[in-house]
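S.K.: Let me begin by handing over the structure; questions about it come next.
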Amino acid sequence: MSPNVPMSPDLERLTATFGDAFGGAADGVWTAPGRVNLIGEHTDYNEGFVLPFAIDLAARVALRVRDDGVMRLLSTAGSESGITELSVGDLRSDRAKGWSVYPSGVVWAFQERGIDVPGFELVLDSDVPLGAGLSSSHAIECAVATALNEVTGAGLDAEELVLTTQRAENAFVGAPTGIMDQSASLRGRSGHAVFLDCRDQSVELVPFDAAAAGLVTLVIDTRVAHSHADGGYANRRDACELGAQVLGVKALRDVSVDDLDEARGLMDETTFRRVRHVVTEDQRVLDSVAALRGSGPAGIASLLDASHASMRDDFEISCDELDTAVEASRAAGAIGARMTGGGFGGSAIALVPDDDENRVRDAVLAAFAERGFGAPRLFTVTPADGARRLA
């Protein structure tokens, strides 16, 4: 970073922590954002369409190469403390504890590609809320991958980094996720949503400027923690794969809304409802892209509502807190709202007119208190740039 450009408080804190922990300066600082998914939930691993955007909350890593094959990892985020030491030459998921599984998985996936990864010292700082469905784990992985891609000279492009971090998540962390989160974090751009075709990884950046439309994107973090590695997520994926097999297609991406009447008679009711969610959600993504290019952000409001209903009723991944967040925000003035992320907890998003933001916030807090839920965390997000070097 140029000495004439003042450090942000986050960057200053991170570099100071690195110096205190390891002595001297890091070789560099890299960042990768979390993401909000506007629409397109559980379509990614079905080779369908998604429409996330990178957000202005991010993971940042300061890293310095070592010559002894040892990783020394420290986090300023969460409740974990102390330095974790691991050997880059003997990585196993059962040896990486807590958050260290994410950088360890990235190193492992780089090595699987035949890339020689040296030892390093790393300090992580992140303001992406944990367990909120905003992809805090992928932000860590993408920041580490971006750093290692540079310091190793691997030269992986964005598509290769997406697949490498997905491999880390699937095979090392043990979460059967698709490529949406990494794609948003690595390929996002300020002022835009990322329209991703998960079959061929093609990306189109679609303007999403809520502020210009007099709207804010309000995130309602229910504080109900979720985990992609639990059985609920895997069971939904298994049902989708079964549905595709019954229908004789490569993936549910190949099923249209017009095919659903016939599909109902070919499978059990639960599997059909899982299939119906994915097929209709793919169509909602396409409709949302068309609306954003035409009428702008307000045009996707009803699609957000329909998406939440589908996830609640057909995919059954919502919860009382998420439903309360959506219902209360809509009643107080939000023009559209839905849960976002893998489900079973996490966050909802609401498109809210500027003038109604405070009323919506108050209504959500009151609804949670009335129902005996813990207070949610509420904040707004805007589309941000993807992973990059900061200093």
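S.K.: Can you work out which of the residues in segment 268-278 that are of a type outside the set (Ser, Thr, Tyr) and under 17 Å from residue 254 (Cα atoms) is most open to solvent (accessible area, probe 1.4 Å)?
M.R.: 276
S.K.: Only one residue in 190, 137, 185 is closer than 21 Å to residue 40 by Cα, modelled with pLDDT under 95 and not hydrophobic (A, V, I, L, M, F, W, C), so which one is that?
M.R.: Values: 190 fails: modelled with pLDDT under 95; 185 fails: modelled with pLDDT under 95.
Answer to the check: 137.
S.K.: Among the residues of segment 130-155, which ones are over 16 Å from the mean Cα position of the chain (by Cα) and touching a residue at least 12 places away in the same chain (Cβ under 8 Å)?
M.R.: Scanning segment 130-155 gives 146, 147, 148, 149, 150, 151, 152, 154.
S.K.: Applying the selection to segment 108-142, what residues are closer than 20 Å to residue 58 by Cα and part of a helix (DSSP H, G or I)?
M.R.: 136, 137, 138, 139, 140, 141, 142
S.K.: Could I ask something else about it? Check off (1) open to solvent by 20 Å² or more (accessible area, probe 1.4 Å); (2) assigned to a strand (DSSP E or B) for residue 94 and give me the number that stays unchecked.
M.R.: (2)
S.K.: On to the next question. Report yes if residue 185 is within 19 Å of residue 129 (Cα to Cα) and among the hydroxyl-bearing types (Ser, Thr, Tyr), otherwise no.
M.R.: Taking the combined requirement at face value, the residue satisfies it.
S.K.: State all residues of segment 229-254 that are more than 14 Å from residue 274 (Cβ to Cβ) and at pLDDT 95 or above; if no residue qualifies, say none.
M.R.: 248, 249, 250, 253, 254
S.K.: State all residues of segment 49-102 that are modelled with pLDDT of 95 or more, among the basic types (Lys, Arg) and more than 22 Å from residue 34 (Cα to Cα); if no residue qualifies, say none.
M.R.: Residues satisfying the conditions are 64, 66, 72.
S.K.: Where in segment 27-83 are there strands (runs of 3 or more DSSP E), lying fully within it, with 3 or more residues that are without any contact (Cβ under 8 Å) to a residue 24 or more places away in the chain and open to solvent by less than 10 Å² (accessible area, probe 1.4 Å)?
M.R.: none
S.K.: If you check residue 128 against the conditions, is it touching a helix residue (DSSP H, G or I) at 6+ places or on another chain (Cβ under 6 Å), β-branched (Val, Ile, Thr), open to solvent by 10 Å² or more (accessible area, probe 1.4 Å) and closer than 30 Å to residue 322 by Cβ?
M.R.: Numbers: touching a helix residue (DSSP H, G or I) at 6+ places or on another chain (Cβ under 6 Å): yes; β-branched (Val, Ile, Thr): yes; open to solvent by 10 Å² or more (accessible area, probe 1.4 Å): no; closer than 30 Å to residue 322 by Cβ: yes.
No.
The values are calculated or read from the model by the stated rules, or taken from the named source; none is laboratory data. These numbers were taken from a predicted model, which means no experiment stands behind them. Positions of Cβ are generated from backbone atoms using ideal geometry, with glycine treated the same way; all protein chains shown enter the neighbour counts. Keep in mind that these areas ignore ligands, DNA and RNA; they rest on the heavy atoms of the full protein, side chains included. Shrake-Rupley method; radii C 1.70, N 1.55, O 1.52, S 1.80 Å.
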